[in-house]
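In what follows, a structure is listed as C-alpha cells, so that the remarks can point back to it.
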Amino acid sequence: MHSATKLVIITERSILDGVTALIVEGGATGYTHVDAGGQGSRGKRSSNRPGIGGVMGNVKIEAVVADHDQAEAIVSRVAERYFEHYSGIAYVEPVEILRPHKFKV
C-alpha cells in the first residue's frame, strides 16, 4: 500500500463541471461523483428529489492525489471560486492506495 490524500467536496450539482475542472487542473488524474443528500446550514436536500432536472441536487466529489499540499491547494481554489455563492464543504484525509501509478504518487 502507498500513502496518498483524498479530497472530498460536497456541493451543488449546478457547479459540478466547474469544480471537476479545478480538480483536474490541480493535477488529479480523475475523480468520482455521486448524488448526495443531507442537511446543513442551507437546509435539507434529498438525493431522491434533486429538483428541476437534477440541477438543485447536491453531489459528493472525491479525488485521490499525491499529497496533502496538492489536495489543500485544490480545495482552496474551489472554495475561493464557489463557496461564497454556492453551498459546499470540503475536506481532505490521508488514504492508503493500492496502485500509486493511477494517482501520480
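The values are calculated or read from the model by the stated rules, or taken from the named source; none is laboratory data. Just so it is clear, the model here is predicted, and its values are computed rather than measured. For neighbour counting, all protein chains shown are included, and Cβ atoms are generated from backbone atoms with ideal geometry for every residue, glycine included. Protein only, heavy atoms only, side chains kept; ligands, DNA and RNA dropped before computing areas. Shrake-Rupley method; radii C 1.70, N 1.55, O 1.52, S 1.80 Å.
Yes/no matrix, rows are residues, columns are (1) under 13 Å from V64 (Cβ atoms); (2) open to solvent by 70 Å² or more (accessible area, probe 1.4 Å); (3) touching a His at 6+ places or on another chain (Cβ under 6 Å):
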| residue | (1), (2), (3) |
| --- | --- |
| M1 | yes, yes, no |
| T5 | yes, no, yes |
| G18 | no, no, no |
| L22 | no, no, no |
| G27 | yes, no, no |
| Y31 | yes, yes, no |
| V34 | no, yes, no |
| G37 | no, no, no |
> If the Cβ limit is 7 Å and pairs must be 6+ apart or interchain, which residue in region 65-86 that is farther than 17 Å from L16 by Cβ pairs with which residue that is modelled with pLDDT under 95 and charged (D, E, K, R)?
Replying inline: A66/K104
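Suppose we keep only residues that are in contact with a Ser or Thr (Cβ under 6 Å, 6 or more places away or on another chain) and modelled with pLDDT under 75 within region 39-62. Which one would you say is least open to solvent (accessible area, probe 1.4 Å)? So that I can check it myself, show each step before the final result.
Filtering region 39-62 down to residues in contact with a Ser or Thr (Cβ under 6 Å, 6 or more places away or on another chain) leaves 42, 55, 62.
Filter again for modelled with pLDDT under 75, leaving 42, 55.
On the way: R42: 133, V55: 73 Å².
Taking the candidates together, the pick is V55.
When residues of region 63-105 are filtered for being crowded, with 17+ Cβ neighbours inside 10 Å and at pLDDT 95 or above, how many remain?
Final tally of qualifying residues: 11.
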